[in-house]
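Every number here is computed from the coordinates shown, using simple stated rules; none is lab data. This one's a predicted model, so the numbers in the text were calculated from it and none came from an experiment. Cβ sites come from the backbone with ideal geometry, for glycine too, and all protein chains shown count toward neighbours.
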Amino acid sequence: MRKLVAIRSLLSTLLLMVFSAGAFAQIGIGISVSFGPPAIPVYEQPICPAEGYIWTPGYWYYADGEYFWVPGTWVLAPEPGFLWTPGYWAWGGSAFFFHAGYWGPHIGFYGGINYGYGYFGHGYEGGHWENNHFYYNTAVNHVNTTIIHNTYNTRIENVNVNRVSYNGGHGGIEARPTSQEESFDKERRVGPVAAQNEHVQQARSNPELRASYNHGKPPIAATAKPGEFKGGTVGAREAGGEYKAPERSDRPPSANNHASEVQGHKYTASSTGNANADKKYQQQQDKLAATQNQEHQKLQQQQEKEHQQLAKKNASEAQKQQVEQKHGQQTQQMEQKHAAQQQQIQTHQSYGSSKPH
């Protein structure tokens with residue numbers, strides 16, 4: 001009987017692990033869009049619900065053919081000492097790609113985006129950990145100091161006021177990671193907790209949070225806790241900028257139209273603190289990069305061959321345009337697939353590093 005109970009307990013644990021990994025894999029895997037998200041709306045931060053909660057700023061996400069707003073919210077840190085690095089959109093040469101947020105001991109690069117409330121483009125000015133307690137900077141965070149006593153007040157000067165919500169591309173933030181931020185990429189990290197994933201799914205199912213409905217001014221801009229969409233919510237005071245409906249096309253302007261224009265891939269695995277695991281993960285990244293670069297070369301050779309055939313046939317302008325459009329679609333699809341593959345392997349590594357050793 002005891003063996004049966006133990007087996008059931010083990011099965012339940014394995015199912016929970018699979019579910020958690022699946023939920024994590026839904027966030028930021030292979031998402032690419034030909035047009036950038038709306039500006040960051042102007043909104044007030046709800047009061048911090050309790051000690052140990054970290055502010056995770058709101059952002060635009062994409063599903064079902066359009067952007068929708070994921071409200072900012074306070075999230076209980078998965079472990080003392082961990083901070084939240086927000087996700088961000090960045091132009092990848094052929095489309096905008098989403099770089100998923102994560103938890104780790106330091107704040108990494110998040111595109112130079114000014115999400116507000118301590119996330120002003122680089123680093124985090126909203127607080128810090130000390131002796132397993134989080135100390136809140138009340139100059140940028142809404143905290144009830146009669147309940148939470150771990151506070152200080154440091155005014156932040158020269159804050160970036162740009163509300164553009166993406167990095168690179170036309171009109172995007174021209175920020176690059178510092179050497180220190182790049183070094184943080186090698187630290188152990190974990191993906192969004194279950195409450196954050198559920199928060200995203202609830203936002204996705206709310207039609208009022210879609211950009212086509214709210215025009216950049218979401219009625220629920222922030223919540224006190226993840227998933228609390230009916231009580232303690234805060235609406236946007238105004239849109240961060242003029243909302244323009246996207247001009248949809250088969251291929252975005254200034255995209256990489258040929259495989260020859262795409263840079264080769266080279267990846268660096270994040271450090272887990274386990275030398276053997278780090279070596280294994282880097283080998284996986286190197287193998288993936290080699291396979292993808294071979295696909296680059298193969299597609300480039302195929303496209304060059306088709307160009308040569310067009311020249312021999314004295315093809316018409318219409319025929320040339322048709323081939324060019326096909327090459328652009330091929331290149332974009334290849335890069336979308338490669339981004340999804342790389343994000344997926346990062347997800348598996350982050351999930352593996354978060355499990356107890």
**Q.** Cα centroid separation - the range 181-236 against the range 296-316, whole Å
**A.** 46
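Is there a pair in K279/K337; K244/K320; K186/K287; K186/K298; K186/K280 whose C-alpha atoms are over 22 Å apart, and which pairs would that be? Show your work: numbers first, answer last.
On the way: K279/K337 25 Å; K244/K320 32 Å; K186/K287 18 Å; K186/K298 32 Å; K186/K280 14 Å.
Checking Cα-Cα distances, K279/K337; K244/K320; K186/K298 exceed 22 Å.
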Q) When ranked by the protection proxy of mean other Cβ atoms within 10 Å per residue, highest first, what sequence do the peptides 219-229, 311-321 form? A) 219-229, 311-321
(Q) If I model a spin label as a point 7 Å beyond the Cα along the Cα-Cβ vector, how far apart are those points for Y213 and T268 in nm? (A) 4.2
Q) What length, rounded to one decimal in nm, is gained on full extension from K305 through to Q321, with 0.36 nm per residue of separation minus their alpha-carbon distance? A) 4.2 nm
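Return the FRET efficiency for the residue pair A195, I156: r is the Cβ-Cβ distance, R0 is 30 Å, and the value is rounded to the nearest 0.05.
On the way: r = 28 Å, r/R0 = 0.94.
E(calc), rounded to 0.05, equals 0.60.
Highest mean first, how do 200-209, 97-106 rank when packing is the count of other Cβ atoms within 10 Å averaged over residues? Don't skip to the end; give the middle numbers.
On the way: 200-209: 17.3, 97-106: 21.1.
Most protected by this proxy first, the peptides run 97-106, 200-209.
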**Q.** Under 16 Å from the Cα of K313 - aspartates and glutamates, other chains or at least 8 residues apart
**A.** E304, E324
Q | Nearby lysines by direct alpha-carbon distance to K230 (threshold 28 angstrom, same-chain neighbours under 8 apart not counted) | A | K217
Q: Could you go through the range 129-140 in sequence order and give the Karplus-derived ³J(HN,Hα) for each residue, using 6.51 cos²θ - 1.76 cosθ + 1.60 with θ = phi - 60°, rounded to whole Hz, and x for Gly and Pro?
A: 8, 8, 6, 6, 10, 8, 9, 9, 8, 6, 6, 10
